[in-house]
1. Using a probe of 1.4 angstrom, how much of the accessible area of region 36-100 is carbon and sulfur, in percent?
2. Where does the longest stretch of the chain lie that holds no GluC sites (Glu not before Pro) found in a DSSP loop with 11 or fewer other Cβ atoms within 10 Å?
3. From the Cα gyration tensor of region 3-67, with a ≥ b ≥ c the square roots of its eigenvalues, which class applies: rounded if a/c is under 1.5, or else prolate if a/b is larger than b/c, or else oblate?
4. Stokes-Einstein at 20 °C, 1.002 mPa s, Kirkwood radius from Cα pairs: D for the chain in µm² s⁻¹?
5. State in Å² the accessible area per residue of the chain; use a 1.4 Å probe, count heavy atoms of protein chains only, and round to the nearest integer.
6. Could you work out the local net charge near residue 126, counting Lys and Arg as +1, Asp and Glu as -1, over the other residues with Cβ closer than 15 Å to its Cβ?
Amino acid sequence: MGNTVFVINGPNLNLLGLRQPEIYGAETLADVENKCTSLASDHGLVVHFFQSNAEHEIIDTIHRARQEAAGIIINPAAYSHTSVAILDALNMFEGPVLEVHISNIHARETFRHHSYVSARAEGVIAGFGTQGYELSVERMARLLKAS
Ligand code: DQA
């Protein structure tokens, strides 16, 4: 638990690389996972990568993280803008939470400007492309070292 970070991805991110590449880029979620895994191991961390299109599976994974993870990096995708239930689950997690968005949600449609999850996140990265995941692993390593 002490060195495990859950990286949780919401709906449609399984199609990263194929999905609107002009917005989300060409890298697949497997590419992102490989980069995060190797970067995390440089910091003595282990990442557990997870993606689901189902809100309840994301919530169940956050519940698991209470026992199994020191920190959570989450891209809740469209559930960012709708899910009080995911916020409630994150509020029961004790470690640091970092929120990632590949695109700059503030430069897009107004319904994407608000994220319920941001109220719980120590930090939010948006608009850095898939590099945002790597930056959040770096930040998580720093936060966990300080704790
Ligand atoms: C996203 C932004 C959300 O608005 C969108 O619904 C997604 C992906 C991002 O990573 O930029 O699915 O979270």
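1. Its accessible area is 50 percent carbon and sulfur atoms.
2. 1-93
3. It is oblate, given that a/c is not under 1.5 and a/b is not larger than b/c.
4. So the translational diffusion coefficient is about 143 µm²/s.
5. Solvent-accessible surface per residue comes out at 48 Å².
6. Net local charge, residue 126 excluded: -1.
The values are calculated or read from the model by the stated rules, or taken from the named source; none is laboratory data. Since the structure is predicted, the reported quantities are computational estimates derived from the model, not experimental observations. Here the Cβ is made from the backbone with ideal geometry for all residues, glycine too, and neighbour counts use every protein chain on show. For the accessible areas, the whole protein counts, side chains as well, though only heavy atoms, and no ligand, DNA or RNA atoms are used. Shrake-Rupley method; radii C 1.70, N 1.55, O 1.52, S 1.80 Å.
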